[in-house]
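The values are calculated or read from the model by the stated rules, or taken from the named source; none is laboratory data. Since the model is a prediction, treat every value here as computed from it, not as a measurement. Don't worry about glycine lacking a Cβ; one is built from the backbone with ideal geometry, like all the others, and counts go over all protein chains shown.
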Amino acid sequence: MNESVPGRIVLLTTSHRVAPGLLSWPAWEALRAADRVLCADPHHPQLPYLREAGIEVEQGSASARELVDFCLTGRGAVVLTSAEGESALTDGLARLAGSGREAMPALELLPGSYDLPGARLLDLVQVMDRIRRACPWSAIRTHEDLAKYGLEEMYEMLEAIETGDREELREELGDVLLQVVFHARIAQEDPDEPFAIDDVAGTIVDKLIHRHPHVFGEETADTPEEVKAHWLRAKAAEKGRASVTEGVPLGQPALALAAKLASRARTEGLDVALPDGSGIGYELLALAARAEASGVEPETALRAAARAYRDAIVAAETARGGAAG
């Protein structure tokens, strides 16, 4: 650099969620132009790639005073920051710059890499891996142990959707996601058929692409109904199912089960009369089928009605002077 002009100090930040060596062009320019490159972390993941690019890196740190004096001669220094940051250096630079009595080089915070959308999922995988290894409770959980929690979290997510609580929904979605990552982490240890979270993600990516030929292929779909037809045809071909009822879990809530069966029959164009029978069960079946044909989710509708009923009970208790003992 020209010694007649002040130099600059660059604090170069990188993301551990991006593969080492993938730095922005301004970052590489700053590194190549610098008279001095420092890194206090001897295990920084970028170091091998900087050496491969012919950039000499000093192992260690420098004080704010030292870097300022070095750069005021017109030279430049780049500090490759660690994951914990460089609080001592940045505090020192702030004090010198804020004193008003110091000549200062240019100070720049330069992001060398940026997180991509979904990058925090990598953090979740790493945290779950550590918990699985270090937490006495989590270390011995099985798929069977966690099954009830998955069901509970889904119902809590459903309640957050129905009440319109956005903050609660964000939290409950995280709890549901945790169940997926936890199960995938357990599956890694299976001695016979292990799989990991990448296998889970890869499977659903392949499935989504295959079942959306109108997005990723040559098919066309202009209505939601056509999309659903594509989905069901692809699903049937994948599973080799002889009946549209295959794959409908019988253990789900009864109203949802009835609606799902009615939906499968209607989508397939099957004109199937409801079974004859007397009693509340057959009446509920007819109501569920009617709701599904009208575009109403009966399980959701009944839950909303039940919630209104709960509120009415609470109001009646309040009017009477308190709940019954």
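Descriptive notes on the structure:
- Residue check, ALA293 of a type in the set (Gly, Ala, Ser) and farther than 22 Å from ALA229 by Cβ: no
- Residue within segment 4-19 that is within 26 Å of LEU122 (Cβ to Cβ) and free of Cβ contacts under 8 Å to residues at least 40 places away in the same chain present: yes
- Verdict on GLN179 being surrounded by 13 or more Cβ atoms within 10 Å (Cβ to Cβ) and farther than 26 Å from SER263 by Cα: yes
- Enumeration of residues in segment 76-98 that are assigned to a loop (DSSP other than H, G, I, E, B) and either surrounded by 18 or more Cβ atoms within 10 Å (Cβ to Cβ) or at positive phi (or both): THR81, GLY85, GLU86
- Any hit, segment 123-136, residues being in the same structural domain as PHE70 (by TED's automatic domain parsing), within 37 Å of the chain's Cα centre (by Cα) and surrounded by fewer than 12 Cβ atoms within 10 Å (Cβ to Cβ): no
- Members of segment 56-86 that are under 36 Å from the mean Cα position of the chain (by Cα) and of a type outside the set (Gly, Ala, Ser): VAL57, GLN59, VAL78, VAL79, LEU80, THR81, GLU84, GLU86
- GLY174 in the same structural domain as ARG141 (by TED's automatic domain parsing), small (Gly, Ala, Ser) and closer than 30 Å to ALA305 by Cβ: yes
- Being in contact with a helix residue (DSSP H, G or I) (Cβ under 7 Å, 6 or more places away or on another chain) and closer than 20 Å to PRO20 by Cβ holds for only one residue in VAL79, VAL68, and it is VAL79.
- Meets criteria (loosely packed, with under 15 Cβ neighbours inside 10 Å and among the charged types (D, E, K, R)) for GLU172: no
- Apart from one condition, THR300 fits all of (1) assigned to a helix (DSSP H, G or I); (2) at pLDDT below 90; (3) over 23 Å from GLU156 (Cβ atoms); (4) not aliphatic (A, V, I, L, M); the exception is (3).
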